[in-house]
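Q: Let me begin by handing over the structure; questions about it come next.
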Amino acid sequence: MTINQQIQHIQVSGIRRFDEAISEVPDIIKLTVGEPDLPTPAHIKKVAIQAIRDDWTHYSPLMGFAALQTAASNYFQKKYGLTYAPSEIIATVGATEAVATTLMTILNPGDAVLLPTPAYTSYKPVVSIANANLITIDTTRDGYKLPPATLQATLEAHRSERLKALILNYPTNPTGVTYTHAELAALLPIIKAAGLFVISDEIYSELTYEQPHTAFATLYPEKTITINGLSKSHAMTGWRLGFIMAPTNLITEMKKTHQYLVTSTSSISQAAGIEALTHGFEDGPDMRKIYQQRRDYLVKRLSEIGFNYIYPTGAFYAFVQVPQHFPGNSWQFATQLANEAHVAVIPGSAFGETGEGWFRISYAASQAALRESMNRLATWYAATTTKED
Ligand SMILES: Cc1ncc(COP(=O)(O)O)c(C=O)c1O
């Protein structure tokens with residue numbers, strides 16, 4: 001049986017594969033999947049329960065209930081100054097479907113998409129499924145951000161290709177860095193000159209610790225496709241609710257892709273989403289305070305142990321270097337750490353070749369789990385360092 005070759009060549013993400021591989025290790029503390037440990041706020045759950053009681057259990061309009069589109073339009077306007085009309089917003093099955101619908105809508109076979117790496121795992125496979133080409137841009141020497149000169153040089157090096165879009169994701173999974181307004185503004189003239197779409201995945205926009213978040217569409221409204229959602233901001237990963245926000249001409253086309261992939265997202269989740277966006281304005285900032293304390297604790301412990309890491313200014317990830325004395329690659333390191341120290345982290349190679357030699361810690365875990373895992377890491381690190389020396 002021959003199935004779609006593109007599907008044959010992609011794999012389940014390294015995050016999930018690694019997480020599944022170490023799940024049987026006894027007493028393992030998982031700092032793996034990017035999943036808030038905090039519960040969905042009670043006021044949101046209450047509204048969803050009531051929605052079921054009220055039989056709000058049928059199909060919704062394709063793009064989502066009008067009340068949800070309006071609530072999203074107001075929310076993102078108040079938070080970031082975005083000016084999307086309700087009719088320019090599609091409610092999707094998480095940010096994941098937003099990414100897939102966007103790429104499948106704008107890409108022709110053979111088009112090229114630019115992606116700064118290391119990067120979140122879901123972009124590359126969808127670009128492949130769309131029969132398009134991915135051009136990765138190594139950001140490891142530039143503090144894990146894309147500098148204007150590198151973008152310019154990449155565009156020139158690939159002049160002969162059909163350059164269609166640039167994917168930005170900030171705050172960034174897996175590195176936890178984010179961009180300042182000035183850094184984004186400096187990219188703008190180059191992006192405009194090349195006529196690129198920008199697919200801006202801002203799912204971690206509520207989680208910036210040292211600076212306000214700048215939404216890319218405030219700089220480049222005409223060709224930015226904004227992706228966001230409630231998974232991280234309101235601890236709603238399981239509800240599967242995200243958003244695509246884009247100018248009407250693009251949304252009209254995206255609506256068709258979205259319809260034939262999923263029809264619409266869950267009506268119950270949409271009821272919860274209306275509540276989150278209408279009365280949950282402070283939920284994200286409240287959670288951010290908790291994550292920030294964890295971030296501060298984590299970097300202190302990592303420094304004390306002797307790890308080299310990228311200082312995380314956003315999201316809930318720390319990107320940490322595999323110790324120099326470790327003889328293997330990041331997958332082998334993470335496997336050994338899971339088996340010997342019973343602490344699970346994600347190998348950097350899951351985020352592309354440029355992530356090799358590093359690993360990702362998710363600190364969306366309880367303070368107790370973080371403390372215990374850092375104690376284990378410290379003991380293990382001391383023991384292996386002595387062994388090697
Ligand atoms: C950068 C990024 N984009 C998208 C997603 C997917 O989000 P959702 O759970 O809303 O589908 C994630 C999840 O970890 C992510 O890290």
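The values are calculated or read from the model by the stated rules, or taken from the named source; none is laboratory data. The model shown is predicted, which means the values in this text are computed figures rather than measured ones. Here the Cβ positions follow ideal geometry from the backbone for every residue, glycine too, while neighbour counts run over all protein chains shown. Just so you know, the surface numbers come from the protein's heavy atoms only, side chains and all, with ligands and any DNA or RNA stripped out. Shrake-Rupley method; radii C 1.70, N 1.55, O 1.52, S 1.80 Å.
Q: Over the chain, with every protein chain in place, what whole percent of the accessible area is carbon and sulfur at 1.4 Å, could you tell me?
A: Of the solvent-accessible surface of the chain, carbon and sulfur hold 53 percent.
Q: Follow-up question, since we're still on this one. Using square roots of five times the C-alpha gyration tensor eigenvalues, list the equivalent-ellipsoid semi-axes of the range 203-313 in whole Å, biggest first.
A: 32, 18, 14
Q: Looking at the chain as a GNM with Cα springs under 10 Å, which of Thr252, Thr40, Thr136 has the largest mean-square fluctuation?
A: Result for the chain, Cα springs under 10 Å: Thr252 fluctuates most.
Q: Okay, moving on. Give me the 1.4 Å probe accessible area per residue for the range 94-195, excluding ligands and nucleic acids, in Å².
A: Per residue, the range 94-195 has an accessible area of 37 Å².
Q: Express the C-alpha Rg of the chain as a ratio against the empirical globular expectation 2.2 N^0.38 Å, rounded to two decimals.
A: Here the answer is 0.98, to two decimals.
Q: Set the Förster distance to 41 Å, then compute FRET efficiency between Asn308 and Arg53 from the Cβ-Cβ distance, nearest 0.05.
A: FRET efficiency, Asn308 to Arg53: 0.20.
Q: If each DSSP helix of 4+ residues adds -39,500 (n - 2.57) and the sum is divided by the residues in the chain, what number results at 222 nm, nearest 500 deg cm²/dmol?
A: When only DSSP H runs of four or more count, the value is -14000 deg cm²/dmol.
Q: Distance from the Cα centre of the range 356-371 to that of the range 207-251, in angstrom?
A: Comparing the Cα centres of the range 356-371 and the range 207-251, I get a distance of 25 Å.
Q: For the range 54-108, what class follows from the C-alpha gyration tensor (a ≥ b ≥ c being the square roots of its eigenvalues): rounded when a/c is under 1.5, otherwise prolate if a/b is larger than b/c, else oblate?
A: oblate
Q: Where does the range 55-192 land on Rg(C-alpha)/(2.2 N^0.38 Å)?
A: Output field value: 1.20.
Q: Please label the shape of the range 205-253 as rounded, prolate or oblate, based on the square roots a ≥ b ≥ c of the eigenvalues of the alpha-carbon gyration tensor (a/c under 1.5 means rounded; beyond that, a/b larger than b/c means prolate, else oblate).
A: Taking the square roots of the gyration eigenvalues as a ≥ b ≥ c, the range 205-253 is oblate.
Q: Moving to a separate point now. Which whole-angstrom value gives the distance between the alpha carbon centres of the range 36-112 and the range 278-301?
A: So the separation of the two Cα centres works out to 23 Å.
Q: How much accessible area per residue does the range 244-389 have, counting only protein heavy atoms and a probe of 1.4 Å, in square angstrom?
A: About 40 Å² of surface per residue is accessible.
Q: For the peptides 46-57, 232-243, what is the packing order when you average, over each peptide's residues, the other Cβ atoms within 10 Å and list the highest mean first?
A: By packing density, highest mean first, the sequence is 232-243, 46-57.
Q: Residue-wise, which Karplus ³J(HN,Hα) couplings in Hz belong to the range 312-327, taking 6.51 cos²θ - 1.76 cosθ + 1.60, θ = phi - 60°, and x for glycine or proline?
A: Once θ is set to phi - 60°, the couplings for the range 312-327 become x, 10, x, 6, 10, 10, 10, 9, 10, 7, 5, x, 4, 6, 6, x Hz.
Q: Across the range 42-279, how many lysine pairs separated by 8 or more positions, or lying on different chains, have Cα atoms within less than 16 Å?
A: So the count of such lysine pairs works out to 6.
Q: Taking only Cα atoms, what is the 0 to 90° angle, nearest 10, from helix 42-53's long axis to the longest principal axis of the chain?
A: So the inclination is approximately 50 degrees.
Q: Could you tell me whether the range 116-189 comes out rounded, prolate or oblate from its Cα gyration tensor? Rule is a ≥ b ≥ c as square roots of the eigenvalues, rounded for a/c under 1.5, then prolate if a/b exceeds b/c, otherwise oblate.
A: oblate
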